[in-house]
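Participant: The following block contains the structure, expressed as structure tokens.
The values are calculated or read from the model by the stated rules, or taken from the named source; none is laboratory data. From a predicted model like this one, the values you see are computed outputs, not experimental measurements. Every residue, glycine among them, receives a Cβ derived from its backbone with ideal geometry; neighbour counts consider all protein chains shown.
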Amino acid sequence: MKPIEFEGVTDHYGKMQDGVSPLPLRCYANGQFVSCWKLLWRERLKVLVSGMVWLDVHTHNRGMPPVYLTTDKSEVVI
């Protein structure tokens, strides 16, 4: 999977960090951030067969933030 540019991007997280690919984001005043990820063909096939997607969030022991995965842009982009 790789993060991709999309209509409505307002910032790029990590753009000033060496060795980090910038993450295109739509940022909202309420603290919500939305990103879009494109699956490679082999990943699409794995999801088709298994029906599973894994999410790995690094919280640095500060509690679990609310997260949401969807395939429908209208559910996240306000």
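Participant: I need the full set of residues from segment 48-63 which are modelled with pLDDT of 95 or more and either β-branched (Val, Ile, Thr) or surrounded by 10 or more Cβ atoms within 10 Å (Cβ to Cβ) (or both), in order please.
Facilitator: VAL49
Participant: For segment 19-46, give me each residue that is under 15 Å from MET1 (Cβ atoms) and in contact with a Leu (Cβ under 7 Å, 6 or more places away or on another chain). Don't jump to the end; show me each part of the working.
Facilitator: Looking only at segment 19-46, we keep the residues that are under 15 Å from MET1 (Cβ atoms), and these are 21, 23-24, 35-46.
Answer for segment 19-46, where residues must be under 15 Å from MET1 (Cβ atoms) and in contact with a Leu (Cβ under 7 Å, 6 or more places away or on another chain): just SER35.
Participant: Restricting to segment 8-24, what's the tally of residues that are over 24 Å from VAL47 (Cβ atoms) and either surrounded by fewer than 11 Cβ atoms within 10 Å (Cβ to Cβ) or of a type in the set (Ser, Thr, Tyr) (or both)? Step through it out loud before you land on a result.
Facilitator: Taking segment 8-24 and keeping what is over 24 Å from VAL47 (Cβ atoms), we get 8-20, 22.
Subsequent filtering for residues that are either surrounded by fewer than 11 Cβ atoms within 10 Å (Cβ to Cβ) or of a type in the set (Ser, Thr, Tyr) (or both) retains 10, 13, 16-20.
Total satisfying the criteria: 7.
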